[in-house]
Each structure stands twice: as C-alpha cells, then as structure tokens.
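Chemist: Structure incoming, see below.
The values are calculated or read from the model by the stated rules, or taken from the named source; none is laboratory data. Because the structure is predicted, anything quoted here is derived from the model rather than measured. Here Cβ is always computed from backbone atoms with ideal geometry, including for glycine, and neighbour counts include all displayed protein chains. For accessibility, only protein heavy atoms count, side chains too; no ligands or nucleic acids. Shrake-Rupley method; radii C 1.70, N 1.55, O 1.52, S 1.80 Å.
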Amino acid sequence: MTSADELLWHVDVQDVPLGARTRADIHALRLLHRSVHMLVSDPDGNILLQLRSGTKDENPGLWDTSAAGHVDYGESYDDSARRELGEELGIHVAVEALHFLFRMEALPEFGSEFVQVYQVVWNGPLQLSEAEISEVRWFTPEQLDHAVAMDNPAYTGTFKRLWRIYRSSSLVAIPSSNSAK
C-alpha cells in the first residue's frame, strides 16, 4: 500500500468521525482529518526537531516538530502519537510517558487537520527513519523563540503555529530522569 492509499479518519467540524478516506482523497479534497505532533525534550528542556526529508510531499527540507503524522483510520490520537515516535525516531514509550499538551483546531491554511500535540522527555538513543528525516538537532527554547519570531522560512508553518501556542500557554517540559522504556 502506498502512502496515498493509507486510510485516515475523515471527520466533521467537531472532529467527530465520518468514516475512512484515503490520504490522497483527504488531501486532494481538503477534507478535515486528524494528525499528531510530538515535541521531544531532553531533561534540560532542549527540543528535538527533525529536518524533513527532501522527498516528502509536504514541507520537504523544512524543520518540523520532533515527530508527526496522520491518525490512521481506526486509531486513537494517543496510539498514533506512540506509533509515530517509534516509526520516525525509534522512541518507544508507555502511554503514561506521553503527555498531552493541547489541541489545535483544523484550519485550511494548515492542511485542514485537527492536531493533538504531545510531549515526551527523552534522553535515550534515537533511530531515525531515513525515508522521513534528513537529520535531527536539539534546539534551546530561546533559539526556537527567535526563529519563530523572525518567521524563519526554514521551519514549517505548522511548527511555527504550534510553537507560538506552546510558549504562550507557559507549557514546560515534564521533568524526568529518563523516559526510555
């Protein structure tokens, strides 16, 4: 099955499921759907970002959240977050280590996606998906504040929107000695 054939949740304006549609249909018709974004932080509060692969169909070669992806049909937001962390970064955590931060409403200029944002504290090894990620880098919150304030085009629009919400709501990293499980 190609990524265009993936089945995703098609939802209404209240994020109530309407059924399954292919990823290709969802994007071509700009239908409302679900996604997750994860911020991986280290115990010192630095944030891991990924440089999206140049072969990605959306936002190739731009800096984005640590991991992100669509919520597959039949899957919960939480399960999707855990799956994407594993697939993209090789981070496998118990659901208790995944901390829900906030939800972003679906907007056409941001892909018509309802986005749930999570955070996990991690200081273990990473195993990057070469198909998804060109590189990863740790950033201080101040570096990201500056990049977003300057509307740096090297970062995805969704990341900049997410970061503004994250910082304005005074959300902070969840302390942990090691969330690796």
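Chemist: Pick from segment 51-72 the residues that are within 12 Å of the chain's Cα centre (by Cα) and assigned to a loop (DSSP other than H, G, I, E, B): which of them is nearest to A24 (Cα to Cα)?
Modeler: V71
Chemist: Here is a check on your reading of the model: is D72 in contact with a helix residue (DSSP H, G or I) (Cβ under 7 Å, 6 or more places away or on another chain) and of a type in the set (D, E, K, R)?
Modeler: Yes.
Chemist: Further question on the same structure: Suppose we filter F139, F159, F110, F114 for residues that are modelled with pLDDT under 95 and not aliphatic (A, V, I, L, M); which single one remains?
Modeler: After ruling out the rest, the residue left standing is F110.
Chemist: Looking at D42, D64, D57, D78, which one is in contact with a Leu (Cβ under 8 Å, 6 or more places away or on another chain), more than 15 Å from V136 (Cβ to Cβ) and not aliphatic (A, V, I, L, M)?
Modeler: D78
Chemist: Residue by residue through segment 1-58, note down the ones that are loosely packed, with under 12 Cβ neighbours inside 10 Å and aliphatic (A, V, I, L, M).
Modeler: Selection gives M1, V13, V16, A28, L29.
Chemist: Out of the residues in segment 73-119 meeting the condition of being in a loop (DSSP other than H, G, I, E, B) and closer than 20 Å to R30 by Cβ, tell me which one is most open to solvent (accessible area, probe 1.4 Å).
Modeler: For segment 73-119, the residue satisfying everything is Y73.
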